[in-house]
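One structure is given here, and the rest of the page talks about it.
The values are calculated or read from the model by the stated rules, or taken from the named source; none is laboratory data. As the structure is a prediction and not an experimental result, all values here were calculated from the model. Methodologically, a virtual Cβ is constructed for each residue, glycine included, from the backbone with ideal geometry; neighbour enumeration extends over all protein chains shown. For accessibility, only protein heavy atoms count, side chains too; no ligands or nucleic acids. Shrake-Rupley method; radii C 1.70, N 1.55, O 1.52, S 1.80 Å.
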Amino acid sequence: MGAAQDDLKRTGLYDLHLELGAKMVPFAGYEMPVQYPLGVMKEHLHTRTAAGLFDVSHMGQVILRGDNPAQSLERIVPQSVIALAEGRQRYGLFTNDDGGILDDLMIANRGDHLFLVVNAGCKDADITHMRVHLTDCEVEVIDDRALLALQGPAAEAALSRLVPSAKDMKFMDVSVTDSDFGELWLSRSGYTGEDGYEVSVPQAHAETFARALLAMEEVEPIGLGARDSLRLEAGLCLYGNDIDTTTTPVEAALEWAVQKVRKTGGEREGGFPGADRILTEFENGATRRRVGLLPDGRAPMRAGTMLYATEDAETSIGEVTSGAFGPSIERPMSMGYVGIDHADTGTRIFGDVRGKRQPVTVADMPFRPATYKR
C-alpha cells in the first residue's frame, strides 16, 4: 500500500486536494486523499444520495493498437473481447499460468483500438506483461490525462451540464466527445454500485474540469475512505485484498466475468493463461469461495480476521479480506474466503477478533443493490 514519503507520486489534482482540506495518505505509490472535511461517513452517504467526485488519476490508462487488438488481448484474458461491440466496455482479468489473477481491468472497444484502465499498484507490471505477450500490438501508455469518477444518482444531471451527450449513455457505454475541457473519454461505469461516469480528461484541463463539477450544489469531493466502503457495500473486489495471484476467478466468485465462448465447449475455449485450472474449476467447482459476511453487533471484522466453523474450532476455514462499517446499510460488512462447505448463504461461522470468537453470517453480495442505468 504505502511507500517512503519522498518516493510518492502526486496526481495533477494534488494542489486542489490540499485546497479542499483533504487528508493525504500513501496509496499504491501515490499521495492520495483519504477524506475531506466532510468525513468518510458523510462522503459515503452524499455519493449515495447526490454525486461524489473521485480523483482516480493514479490508475493506468493504456491504448492497445494492432491489426486485431481484441483477438490479441484474448491470449492473456479469459474474457470475450472479440464480441465486445464498439462503444462498449467490459470488466476483464489478467490471469497467470496457475489460474491466479494478476490484475482486474476495464476493456473498452473504441473502434480501431482498445482502451484499458488498470489498477495503480499493478500498472507497471501490467504494461510489461502486455508488451511481453502482445508483441503484435502497440501498447501506448497515456500519461498526459487525468481520470475522474463522478458517481451517484445526481451524476447524470451534473455531468450533462458540461457534456450534454452524457445523459444518452447507458451502463458500460463509452464515448469520446469534444468539450470546453478538451477531448473527454467517457464511460458510464464506476466502483461504487451507483450510476455514474469515469472521465479521462487532458491533464491541462483536469483542475478546471474538476472545479466546474465541484461548483455544482450536488457534487462533493470524495476520498479513498468512502470509496472503500462504497465498493464494499456493492460487493466489488479490491485488487491486492480480495483478489490476487493466489485467487482464481472461480474462487473469487467472478464466474460472471468469463463469457461462455471462452469456457469448455465454447467457440474460443481456453487459450488464456491458467485455462486448464480455471476451466476445470468451472466444471467441478473450487475448494473455497469469496463470500459476503455480516458480523453480529456493530464492530467491523477487518481484513486478516481468521474464520472458524465453530466457537472453539482450532483450524480456520478461511479469512476476511475486506471489512468496514457500511453507512448505507447501517451495519458492519466484510468479504472473505471460506471453504466451500461453509460458503452457503446463511451459514453461521465465527471470526477471531482480538482473541475472541465473534459470530458472523455468510451473506449474499452486493449488500446494497446496484443502481446502474441499464
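Here is how the numbers come out for the structure above:
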{"item": "Within the range 199-230, GluC sites (Glu not before Pro) in DSSP loop having at most 12 other beta-carbon neighbours inside 10 Å", "result": "Glu217"}
{"item": "Probe 1.4 Å, accessible area per residue of the chain, Å²", "result": "42"}
{"item": "Local net charge near Asp173, Cβ-Cβ under 9 Å (Lys/Arg +1, Asp/Glu -1)", "result": "+2"}
{"item": "FRET efficiency, 1/(1 + (r/R0)^6) with R0 45 Å, evaluated for Thr135 and Thr287 via beta carbons", "result": "0.80"}
{"item": "Dipole magnitude of the chain, debye to nearest 20 (Cβ charges: Lys/Arg +1, Asp/Glu -1, about Cα centre)", "result": "840"}
{"item": "Accessible surface of the range 60-141 [probe 1.4 Å, protein heavy atoms]: carbon and sulfur percent", "result": "45"}
{"item": "Sulfur and carbon atoms: percent of accessible area, the range 158-312 [1.4 Å]", "result": "48"}
{"item": "Among Gly336, Ala324, Pro359 the positive-end extreme of the charge dipole of the range 255-363 (Cβ point charges)", "result": "Ala324"}
{"item": "Antiparallel bridges, percent of DSSP beta bridges restricted to the chain (to nearest 5)", "result": "90"}
{"item": "Cβ-placed point charges (K, R +1; D, E -1), dipole of the range 255-363 about Cα centre in debye, nearest 20", "result": "380"}
{"item": "Long pairs among Lys42/Lys373; Lys170/Lys260; Lys9/Lys167; Lys23/Lys373, criterion Cα-Cα beyond 28 Å", "result": "Lys9/Lys167; Lys23/Lys373"}
{"item": "Counted charge near Gly235, where neighbours are those whose Cβ lies closer than 10 Å (Asp, Glu -1; Lys, Arg +1)", "result": "0"}
{"item": "Computed [θ] at 222 nm, helices only, for the chain once each DSSP H run of length n ≥ 4 contributes -39500 (n - 2.57)", "result": "-5500 deg cm²/dmol"}
